[in-house]
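Read the structure below first, then the notes.
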Amino acid sequence: MYDPASMVRGKDAILQNYKGDSFLGALGADGVIVDAKFDRNELTVEIARESIIPACEALKADGYTFLEDVTAVDWYPSEPRFQIVYHFLSFSQKRRIRLIVRLDSDTPSIDSITPAWPAANFYEREIFDLFGVHFGGHPNLRRIMMPEDWKGYPLRKDYPVEGYR
């Protein structure tokens, strides 16, 4: 049963409640963490766009050894429009963490995490193909689902769903 009293919202409250967590302790002081919440037994940490690589490396050093998936959300017409979502798992600690990064529609780009997490390769290609988010430094950033000559990005909310393209 969900207990609303167990919800902790806000960067400062999370950092206070998780003082012993080396990942949050290392990144919280540097301004890497933008916001955070603990709800329904899940920790979600919003990271600054330019800090995704150090955040992923800190997670790996803290025992999170498995990248479950990477996905995207289009919040059109709101800004920042895109949200990139990373799910990590620590088998040894039996814990999950969700990192999110928000991107403006003007510059939908972020650094690729494939150097630290090779499993992100195809997830990032899928996001590029379907949302148009560019991953800087990706080893093979090209379409993976749609034909190479396809115009547009089908999972964007402003993509036309009727008529000829």
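The values are calculated or read from the model by the stated rules, or taken from the named source; none is laboratory data. Please read all numbers here as calculations on a predicted model, not as lab measurements. Every residue, glycine among them, receives a Cβ derived from its backbone with ideal geometry; neighbour counts consider all protein chains shown.
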Practice problem: Can you tell me which residue among Thr107, Thr114 is farther than 28 Å from Arg40 by Cα, modelled with pLDDT of 95 or more and in a loop (DSSP other than H, G, I, E, B)? | Solution: Thr114
Practice problem: Could you tell me whether segment 63-76 includes any residue that is touching a residue at least 24 places away in the same chain (Cβ under 8 Å), within 23 Å of Leu141 (Cα to Cα), out of contact with any Pro (no Cβ under 8 Å at 6 or more places or on another chain) and part of a loop (DSSP other than H, G, I, E, B)? | Solution: no
Practice problem: Would you be able to say whether some residue in segment 82-89 is in a helix (DSSP H, G or I), free of Cβ contacts under 8 Å to residues at least 40 places away in the same chain, of a type outside the set (Val, Ile, Thr) and touching a helix residue (DSSP H, G or I) at 6+ places or on another chain (Cβ under 8 Å)? | Solution: no
Self-check item: Residues of segment 132-165 satisfying the condition of being surrounded by 12 or more Cβ atoms within 10 Å (Cβ to Cβ) and among the aromatic types (Phe, Trp, Tyr)
Solution: Phe135, Trp150, Tyr153, Tyr159
Quiz item: Within the bounds of segment 100-117, is there any residue that is surrounded by 15 or more Cβ atoms within 10 Å (Cβ to Cβ), more than 30 Å from Pro160 (Cβ to Cβ), aliphatic (A, V, I, L, M) and free of Cβ contacts under 8 Å to residues at least 60 places away in the same chain?
Solution: no
Self-check item: Residue under evaluation Tyr153, criteria (1) closer than 21 Å to Val32 by Cα; (2) touching a helix residue (DSSP H, G or I) at 6+ places or on another chain (Cβ under 8 Å); (3) assigned to a loop (DSSP other than H, G, I, E, B), criterion not met
Solution: (1)
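Can you find a residue that is among the hydrophobic types (A, V, I, L, M, F, W, C), in a loop (DSSP other than H, G, I, E, B) and free of Cβ contacts under 8 Å to residues at least 12 places away in the same chain anywhere in segment 124-141? Let's see the steps before the verdict.
The initial filter retains those residues of segment 124-141 that are among the hydrophobic types (A, V, I, L, M, F, W, C), namely 127-128, 130-131, 133, 135, 141.
Adding the requirement that they be in a loop (DSSP other than H, G, I, E, B) leaves 133, 141.
In the following step, the residues that additionally are free of Cβ contacts under 8 Å to residues at least 12 places away in the same chain were identified as none.
No - not one qualifying residue is present in segment 124-141.
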Quiz item: Could we say that Ile144 is among the aliphatic types (A, V, I, L, M) and either touching a residue at least 40 places away in the same chain (Cβ under 8 Å) or under 21 Å from Gly25 (Cα atoms) (or both) here?
Solution: no
